[in-house]
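K.L.:
Okay, handing you the structure first.
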Amino acid sequence: MYYKNAVVGLAALAATTAITPTATLAQAASPTMENLGLLSGYPQSNPSRAFDVSGDGNIIIGMGPSPFTWDATNLMQALPGSTNYLQVEASATNLDGSIVVGRGLATNLWYRAIRWTPTGGVQDLGTLGGVTSEAKAVNADGTVVVGFSSPSAGGLVPFRWVQGSGMTALPVNNNFGGQSANDVNAAGNVVVGSANYGGVIRAVRWVVGANSTTLENLGVTTGLFNSYASAVNAAGNVVVGTKIINRTTFENR
């Protein structure tokens with residue numbers, strides 16, 4: 001994930017709280033919390049959730065309950081849907097907020113990885129030969145998308161999609177569950193996520209070279225339980241995630 005100067009998320013408001021969108025995004029030294037409001041036409045009982053923010057903190061994407069973008073000028077605006085999907089969801093945006101990725105529930109009731117562009121609307125990124133895929137993150141210029149998909153042989157494997165080239169599988173040891181590409185660096189050549197090692201999930205990093213892609217097992221600090229990589233910095237050399245210390249204890253790293 002890129003260096004960003006704003007934090008987004010979900011907050012619960014009292015039932016009597018009036019929802020009034022703010023017209024400016026705070027850039028003060030002391031953090032402030034802003035209510036971004038709701039999409040027009042939906043009752044106040046519907047929640048809105050912010051999932052990601054552009055690099056300058058001015059564009060926010062989320063669900064409310066349809067996917068939206070928010071900025072200080074236009075406030076909350078719905079992303080376009082498509083008759084090809086029963087439902088669409090946004091999960092991440094690129095550095096300038098112009099590209100949004102997520103998933104769409106197709107008419108066959110399987111999710112497909114999708115990408116919104118300013119001129120192209122909703123784009124289906126396809127699958128690795130199976131029935132489903134989901135996009136989890138996008139690089140700085142919006143040309144590289146990562147996530148997971150089902151191959152023709154079944155199971156789930158991480159993917160890297162490149163504009164003009166399409167979707168390819170990232171190397172893993174098997175097609176078992178628990179595997180996903182969760183984030184990508186600014187250039188799009190370093191991907192982090194999780195891979196299955198004989199039934200144990202490990203945080204991993206993929207480094208994409210000119211002729212091959214290297215899979216690195218980031219391991220765990222102690223014990224035999226799972227670890228997951230959730231984000232990577234712009235340069236691709238710092239990874240953060242979660243490890244399971246025991247069956248009841250989780251630790252963020």
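K.L.:
In whole angstrom, how far apart do the alpha carbon centroids of region 160-239 and region 32-98 sit?
P.N.:
27
K.L.:
Could you work out the relative contact order of region 44-150, using alpha carbon pairs under 8 angstrom and six or more residues apart, expressed as a whole percent?
P.N.:
Values: 265 pairs, mean separation 20.3, N = 107.
That works out to 19 percent.
K.L.:
Per residue of region 225-230, what does 6.51 cos²θ - 1.76 cosθ + 1.60 with θ = phi - 60° give for ³J(HN,Hα)? Whole Hz please, x for Gly and Pro, Karplus curve as stated.
P.N.:
After applying 6.51 cos²θ - 1.76 cosθ + 1.60, I find 8, 6, 9, 9, 9, 10 Hz.
K.L.:
Still on this model: Leaving ligands and nucleic acids out of the surface, order M63, M33, M167 by accessible area at 1.4 Å, largest first. Mind dumping the intermediate values first?
P.N.:
Working: M63 10, M33 165, M167 35 Å².
Final ranking, largest accessible area leading: M33, M167, M63.
K.L.:
In Å, what is the Rg of the alpha-carbon atoms in region 70-213, and how long is Dmax?
P.N.:
For region 70-213, the Cα radius of gyration and maximum Cα-Cα distance read 15.1, 51 Å.
K.L.:
Also, quick follow-up: Given a 1.4 Å probe and heavy atoms of the protein chains only, how would you sort K243, K136, largest accessible area at the top?
P.N.:
Numbers: K243 15, K136 85 Å².
In descending accessible area the options line up as K136, K243.
K.L.:
Probe 1.4 Å, all protein chains in place: accessible area of W110 in Å², nearest 10?
P.N.:
Surface accessible to solvent at W110 totals approximately 120 Å².
K.L.:
Calculate the radius of gyration of the Cα atoms of region 41-108 to one decimal place, then report Dmax, the largest Cα-Cα distance, as a whole number, both in Å.
P.N.:
Looking at region 41-108, its Cα Rg and Dmax stand at 12.1, 38 Å.
The values are calculated or read from the model by the stated rules, or taken from the named source; none is laboratory data. Since this is a predicted model, take the numbers as computed values, not measurements. Just so you know, the surface numbers come from the protein's heavy atoms only, side chains and all, with ligands and any DNA or RNA stripped out. Shrake-Rupley method; radii C 1.70, N 1.55, O 1.52, S 1.80 Å.
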